[in-house]
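> One structure, as structure tokens, below. Some questions next.
The values are calculated or read from the model by the stated rules, or taken from the named source; none is laboratory data. If you're wondering where the values come from, they're calculated on a predicted model, not measured in any experiment. Quick reminder, even Gly has a Cβ in these numbers, built from the backbone with ideal geometry, and neighbours come from all protein chains shown. Remember, those area values only see protein heavy atoms, side chains included, never the ligands or the DNA or RNA. Shrake-Rupley method; radii C 1.70, N 1.55, O 1.52, S 1.80 Å.
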Amino acid sequence: MADTDTAQCEEQHDFSAEVGQLLDLVVHSLYTEREIFLRELVANAADATDRRRFEALTDAALSLPADAKVRIIPDRAGRSLTISDDGIGMSKAELIDNLGTIARSGTKRFGQTLAAAKPEERPNLIGQFGVGFYAAFMVADRVEVTSRRAGSADAWTWASDGSGSFTIAPAERESAGTDVVLRLKADAHEFLDAYRLETIVRKWADHVTLPVTIRRDGKDAAANEGTALWRKPKSEVSEQSYTEFYRHLGHLFDQPWATLHWKAEGALDFFALLFIPASRPFEPLENERKSRLRLHVRRMFITNDAELLPPWLRFVQGVVDTEDLPLNVSREMLQTTPVLARIRKALTNRVLTELKTRAKDAAEYAKFWENFGTIVKEGLWEDFDQQNEIAPLARFRSSAVDGWTSLSEYAARMQPGQEAIYVLAGEDADALKNSPQIEGCRARGVEVLLLTDPIDAFWPERFSSFEGKPIRSVSQASADLAKLKPKVEPAEPAPDVAGLAAVMKQLLGDQVADVRATDRLVGSPVVLAANATGPDLQMQRLLRRAGRAGLTPPPVLEINPRHPVIRALAEQLGHGVAIDDATHTLFDLARVQEGDLPSDPAGFAARVAAFMRRGLGAAA
């Protein structure tokens with residue numbers, strides 16, 4: 001009768017389209033790496049147990065049983081494999097949401113990355129893309145998940161053969177937690193062998209601190225060491241052990257670029273094992289601006305949400321284990337305790353020290369900077385306490401040298417009489433290097449740092465000087481450059497174009513703040529400049545794109561009195577020659593040079609066509 005009732009309550013659901021595509025990718029593209037299904041299911045079970053332990057800190061009713069573990073139970077007679085845990089469990093809605101849809105990285109990108117990856121890299125891609133559960137279908141033709149949410153009396157079973165749909169039905173489970181039952185395929189019998197399962201666990205999950213057991217001859221035998229690697233002396237840990245732990249921790253497949261392992265003693269006691277990756281993760285770090293270092297108290301995992309490092313170091317992976325916090329530390333205490341504040345400061349300083357040391361090897365440091373430099377520069381904008389420590393670590397492209405250069409190296413190359421460090425922000429280094437904005441700098445031998453990351457439009461506003469030298473946009477440097485002599489003096493003095501500038505200003509109206517002659521141009525007739533105070537041109541562009549055009553003052557149009565076009569216009573002024581079209585065309589050209597659209601694209605195109613027509617007619 002009970003079976004009949006269950007069947008009547010059973011609900012059928014279709015997988016989301018993404019899951020259907022993903023199942024096909026996982027089953028067929030990763031077939032040769034089938035054993036990693038167990039790594040993923042054990043990791044999920046350990047994570048669920050960690051989450052229950054953390055929630056129990058503020059709700060004693062959710063406390064874990066004293067013998068909490070991950071149990072792996074092979075059943076040869078039934079040709080099934082069960083992975084069972086005492087974790088937080090899932091409600092009916094969570095089973096549907098977590099196992100029926102994919103909320104993280106898209107299937108398309110997963111497929112592209114999978115196709116490009118080497119065979120030995122593929123086992124790590126599943127966990128990194130957050131789709132590890134579906135690896136079960138590589139070895140099973142049916143998967144059943146029975147789960148009971150901690151704090152609830154209800155249990156539910158999710159079941160699917162991976163063909164496009166799944167069912168949800170009421171179930172029974174004595175306590176909170178989850179059982180994943182795999183009905184193994186005929187060619188997957190090796191995963192019913194206890195010794196084979198132990199080999200897989202020791203390979204992939206030996207560093208999981210939660211006990212993992214395998215049922216053998218009716219008894220649960222330990223399958224992992226559960227070693228707190230970070231508590232071992234450095235001399236007792238091999239590079240291979242570090243690498244395996246690093247890969248387990250972050251679902252990465254490369255070697256760590258840097259490994260930081262130390263024990264702090266004295267006023268503050270803690271163990272730390274941190275890794276700086278050698279490559280950017282597939283999951284964009286911009287998605288969530290939080291450090292995810294794991295906080296342990298006396299070996300017990302507490303949370304990865306304690307923000308132990310500032311956001312601009314969020315790429316650092318690792319574990320911090322302290323004796324100076326209670327095991328029942330609350331969420332509120334994590335935010336306010338001075339102990340954690342001191343640990344955060346110590347960790348940040350240690351990472352900065354490591355980066356300073358490694359920055360001495362320019363080639364190696366360039367690899368790090370290309371991966372994470374954009375993130376580190378966020379600290380120049382938001383971390384006033386560490387700005388002076390971060391600035392020497394920053395690297396930039398330059399108009400004068402190839403490769404990366406530092407602010408210190410730039411300062412050492414400054415010209416006599418040069419007052420500031422000049423920068424130009426945009427979206428492409430090659431385009432910036434050829435920009436009219438730096439013609440005057442190049443003529444005077446003045447170097448310009450080329451800033452191409454989005455954060456580069458912001459940080460110079462708050463970190464505005466380095467070693468006493470102001471950092472200034474070249475779009476606001478007309479007055480500075482006027483004080484420096486060009487390397488080659490012009491053969492003739494510049495003609496007076498004040499009258500032309502006044503007429504152009506009148507014609508352009510409130511589109512410009514002013515029109516003025518400049519000597520910072522060499523080959524271009526015009527260029528836009530920003531007011532000396534206020535945002536530079538790149539910041540103004542970003543504000544306009546964000547729909548905040550009202551915050552952007554009109555630019556200054558600077559004209560080159562020595563350019564043939566400007567000279568001709570000045571000479572014809574007052575001789576009945578209309579300069580209206582020329583003025584608006586020059587203004588639009590200046591906008592195009594900065595990466596903007598003309599103020600009136602259709603009018604601009606018509607004027608250019610008319611100029612070409614007249615030019616071709618004169619030539620004929």
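> Any idea which of THR227, THR213 is at pLDDT below 90 and either crowded, with 16+ Cβ neighbours inside 10 Å or assigned to a loop (DSSP other than H, G, I, E, B) (or both)?
Details: THR213 fails: at pLDDT below 90.
The unique qualifying residue is THR227.
> Hey, which of the strands (runs of 3 or more DSSP E) in the stretch 237-318, taking only ones fully inside, have at least 3 residues that are basic (Lys, Arg), within 22 Å of the chain's Cα centre (by Cα) and over 22 Å from ILE375 (Cβ atoms)?
Details: elements: 258-264, 270-276, 294-297, 300-303.
Because the criterion is at least 3 residues that are basic (Lys, Arg), within 22 Å of the chain's Cα centre (by Cα) and over 22 Å from ILE375 (Cβ atoms), no strands (runs of 3 or more DSSP E) in the stretch 237-318 meet it.
> Take LEU41 and tell me if it is in contact with a strand residue (DSSP E or B) (Cβ under 9 Å, 6 or more places away or on another chain), part of a helix (DSSP H, G or I), of a type in the set (A, V, I, L, M, F, W, C) and surrounded by 23 or more Cβ atoms within 10 Å (Cβ to Cβ). Walk me through how you get there before you give the answer.
Values: in contact with a strand residue (DSSP E or B) (Cβ under 9 Å, 6 or more places away or on another chain): yes; part of a helix (DSSP H, G or I): yes; of a type in the set (A, V, I, L, M, F, W, C): yes; surrounded by 23 or more Cβ atoms within 10 Å (Cβ to Cβ): yes.
Yes; evaluated as a whole, the condition is true for this residue.
> Of all residues in the stretch 176-189 being farther than 19 Å from ASP220 by Cα and of a type outside the set (A, V, I, L, M, F, W, C), which is most open to solvent (accessible area, probe 1.4 Å)?
HIS189
> Here is a follow-up. Which of the residues that make up the stretch 52-81 are part of a helix (DSSP H, G or I) and either open to solvent by 40 Å² or more (accessible area, probe 1.4 Å) or under 21 Å from GLU225 (Cβ atoms) (or both)? Steps first, answer last, please.
Step one: filter the stretch 52-81 for residues part of a helix (DSSP H, G or I), giving 52-56, 60-62.
Scanning the stretch 52-81 gives ARG53, GLU55, ALA60, ALA61.
> Still on this structure, I have one more. Go through the stretch 525-545 and report how many residues are crowded, with 18+ Cβ neighbours inside 10 Å and in contact with a helix residue (DSSP H, G or I) (Cβ under 6 Å, 6 or more places away or on another chain).
Going through the stretch 525-545, the residues crowded, with 18+ Cβ neighbours inside 10 Å turn out to be 525-530, 535-541.
This time we only want the ones that are in contact with a helix residue (DSSP H, G or I) (Cβ under 6 Å, 6 or more places away or on another chain), so: 525-530, 536-539.
Summing the residues that are crowded, with 18+ Cβ neighbours inside 10 Å and in contact with a helix residue (DSSP H, G or I) (Cβ under 6 Å, 6 or more places away or on another chain) in the stretch 525-545 gives 10.
> Testing GLU244 on (1) in contact (Cβ under 8 Å) with a residue 40 or more places away in the chain; (2) out of contact with any Lys or Arg (no Cβ under 8 Å at 6 or more places or on another chain); (3) closer than 20 Å to LEU293 by Cα; (4) open to solvent by 20 Å² or more (accessible area, probe 1.4 Å), one condition comes back false. Which one is that?
The failed condition is (1).
> Please go through the stretch 585-618 and give me each residue that is open to solvent by 40 Å² or more (accessible area, probe 1.4 Å) and touching a residue at least 40 places away in the same chain (Cβ under 8 Å), ordered by number.
Answer for the stretch 585-618, where residues must be open to solvent by 40 Å² or more (accessible area, probe 1.4 Å) and touching a residue at least 40 places away in the same chain (Cβ under 8 Å): LEU589, ARG591, GLN593, GLY595, SER599.
> Exactly one of (1) open to solvent by 60 Å² or more (accessible area, probe 1.4 Å); (2) more than 25 Å from GLY250 (Cα to Cα); (3) modelled with pLDDT of 60 or more; (4) in a helix (DSSP H, G or I) is unmet by ILE96. Its number?
Going through (1) open to solvent by 60 Å² or more (accessible area, probe 1.4 Å); (2) more than 25 Å from GLY250 (Cα to Cα); (3) modelled with pLDDT of 60 or more; (4) in a helix (DSSP H, G or I) one by one, ILE96 breaks only (1).
> Would you be able to tell me the number of residues in the stretch 137-175 that are open to solvent by 30 Å² or more (accessible area, probe 1.4 Å), part of a loop (DSSP other than H, G, I, E, B) and in contact with a Lys or Arg (Cβ under 6 Å, 6 or more places away or on another chain)?
Residues flagged as open to solvent by 30 Å² or more (accessible area, probe 1.4 Å), part of a loop (DSSP other than H, G, I, E, B) and in contact with a Lys or Arg (Cβ under 6 Å, 6 or more places away or on another chain) within the stretch 137-175 amount to 2.
> So, in the stretch 558-580, how many residues would count as being part of a helix (DSSP H, G or I) and open to solvent by less than 40 Å² (accessible area, probe 1.4 Å)?
Restricting attention to the stretch 558-580, the residues satisfying the condition of being part of a helix (DSSP H, G or I) are 564-572, 580.
Checking which are open to solvent by less than 40 Å² (accessible area, probe 1.4 Å) leaves us with 566, 568-570.
Of the residues in that region, 4 qualify.
> Filter the stretch 365-386 for residues that are open to solvent by 20 Å² or more (accessible area, probe 1.4 Å), in contact (Cβ under 8 Å) with a residue 12 or more places away in the chain and not hydrophobic (A, V, I, L, M, F, W, C); which is farthest from LEU309 (Cα to Cα)?
My answer is LYS367.
> Can you say whether THR405 is surrounded by 15 or more Cβ atoms within 10 Å (Cβ to Cβ), modelled with pLDDT under 95 and β-branched (Val, Ile, Thr), as far as the supplied structure shows?
Working: surrounded by 15 or more Cβ atoms within 10 Å (Cβ to Cβ): yes; modelled with pLDDT under 95: no; β-branched (Val, Ile, Thr): yes.
Considered against the rule, which asks whether it is surrounded by 15 or more Cβ atoms within 10 Å (Cβ to Cβ), modelled with pLDDT under 95 and β-branched (Val, Ile, Thr), THR405 comes out as no.
> Give the residues of the stretch 477-496 that are in contact with a helix residue (DSSP H, G or I) (Cβ under 7 Å, 6 or more places away or on another chain) and open to solvent by 100 Å² or more (accessible area, probe 1.4 Å), sorted by residue number. I'd like the intermediate steps shown before the answer.
We begin by selecting, within the stretch 477-496, every residue in contact with a helix residue (DSSP H, G or I) (Cβ under 7 Å, 6 or more places away or on another chain); these are 481, 486-487, 495.
Of everything in the stretch 477-496, just one residue is in contact with a helix residue (DSSP H, G or I) (Cβ under 7 Å, 6 or more places away or on another chain) and open to solvent by 100 Å² or more (accessible area, probe 1.4 Å), namely LYS487.
> Same structure, new question: Would you check which residues across the stretch 441-472 are acidic (Asp, Glu) and either in a helix (DSSP H, G or I) or within 21 Å of the chain's Cα centre (by Cα) (or both) and list them? Break it down into steps so the answer makes sense when it comes.
Start the filter on the stretch 441-472 by keeping residues that are acidic (Asp, Glu), which leaves 447, 453, 456, 461, 467.
Passing the criteria: ASP453, ASP456, GLU461.
> Taking TYR422, is it hydroxyl-bearing (Ser, Thr, Tyr) and assigned to a helix (DSSP H, G or I)?
Working: hydroxyl-bearing (Ser, Thr, Tyr): yes; assigned to a helix (DSSP H, G or I): no.
No; evaluated as a whole, the condition is false for this residue.
> Is it the case that the stretch 345-359 has a residue that's at pLDDT 95 or above, in contact with a Phe, Trp or Tyr (Cβ under 6 Å, 6 or more places away or on another chain) and surrounded by 19 or more Cβ atoms within 10 Å (Cβ to Cβ)?
no
> What number goes with the only condition from (1) open to solvent by 10 Å² or more (accessible area, probe 1.4 Å); (2) within 24 Å of TYR134 (Cβ to Cβ); (3) among the aliphatic types (A, V, I, L, M); (4) out of contact with any Leu (no Cβ under 7 Å at 6 or more places or on another chain) that ALA205 does not pass?
(1)
> Residue under question is GLU198, and the condition is that it be open to solvent by less than 50 Å² (accessible area, probe 1.4 Å), charged (D, E, K, R) and free of Cβ contacts under 8 Å to residues at least 60 places away in the same chain; does it hold? Can you show your working first?
Numbers: open to solvent by less than 50 Å² (accessible area, probe 1.4 Å): yes; charged (D, E, K, R): yes; free of Cβ contacts under 8 Å to residues at least 60 places away in the same chain: yes.
Yes; evaluated as a whole, the condition is true for this residue.
> Of the numbered conditions (1) at pLDDT 90 or above; (2) basic (Lys, Arg); (3) open to solvent by 40 Å² or more (accessible area, probe 1.4 Å), ARG104 fails exactly one; give the number of that condition.
The one condition ARG104 does not meet is (1).
> Let me ask something else about it. Return the total of residues in the stretch 531-557 being at pLDDT 85 or above and in a loop (DSSP other than H, G, I, E, B).
2
> So, in the stretch 415-453, of the ones that are open to solvent by less than 50 Å² (accessible area, probe 1.4 Å) and free of Cβ contacts under 8 Å to residues at least 40 places away in the same chain, which residue ends up nearest to TRP404 (Cα to Cα)?
If we take residues in the stretch 415-453 being open to solvent by less than 50 Å² (accessible area, probe 1.4 Å) and free of Cβ contacts under 8 Å to residues at least 40 places away in the same chain, then ALA429 is nearest to TRP404 (Cα to Cα).
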